[in-house]
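Working notes for the structure below.
The values are calculated or read from the model by the stated rules, or taken from the named source; none is laboratory data. Remember, predicted model here, so these are calculated numbers, not experimental data. Note that we place each Cβ from the backbone using ideal geometry, even for glycine, and neighbour counts take in every protein chain shown.
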Amino acid sequence: MSKDKFQFKIENEPHKWDKQYITGKEVREIPPGIPDNMDLFLKRRGEPGELIEDDDKIDLDDPGIEKFYSQVADSTPGS
């Protein structure tokens, strides 16, 4: 069963997406955008942050709301 909009967060700001999948590049391009000198991570409940590359596809239909965040490149996820 498909939804009208899939919800996720970038830096705790809620967003909606029309498709079930979103790429790292698409997440980076959502205003105000995430610059190339920052790494993009996906946080799932009970797991450490997962580094997301531009060509990675994230399934927004997984249980819960996906939470993306950025950190300075080469830093430790979640610190």
Q | Where a residue in the range 14-35 is surrounded by fewer than 14 Cβ atoms within 10 Å (Cβ to Cβ) and its partner, wherever it lies, is of a type in the set (Lys, Arg) and modelled with pLDDT of 95 or more, with Cβ under 7 Å and at least six apart | A | Tyr21/Lys57
Q | Output for the range 36-52, where each listed residue is among the small types (Gly, Ala, Ser) and surrounded by fewer than 11 Cβ atoms within 10 Å (Cβ to Cβ) | A | Gly46
Q: Using the structure shown, decide if Phe8 is on the phi < 0 side of the Ramachandran plot, in contact (Cβ under 8 Å) with a residue 60 or more places away in the chain and crowded, with 16+ Cβ neighbours inside 10 Å.
A: yes
Q) In the range 1-30, how many are at pLDDT 95 or above and either more than 12 Å from Lys67 (Cβ to Cβ) or among the hydrophobic types (A, V, I, L, M, F, W, C) (or both)? A) 18
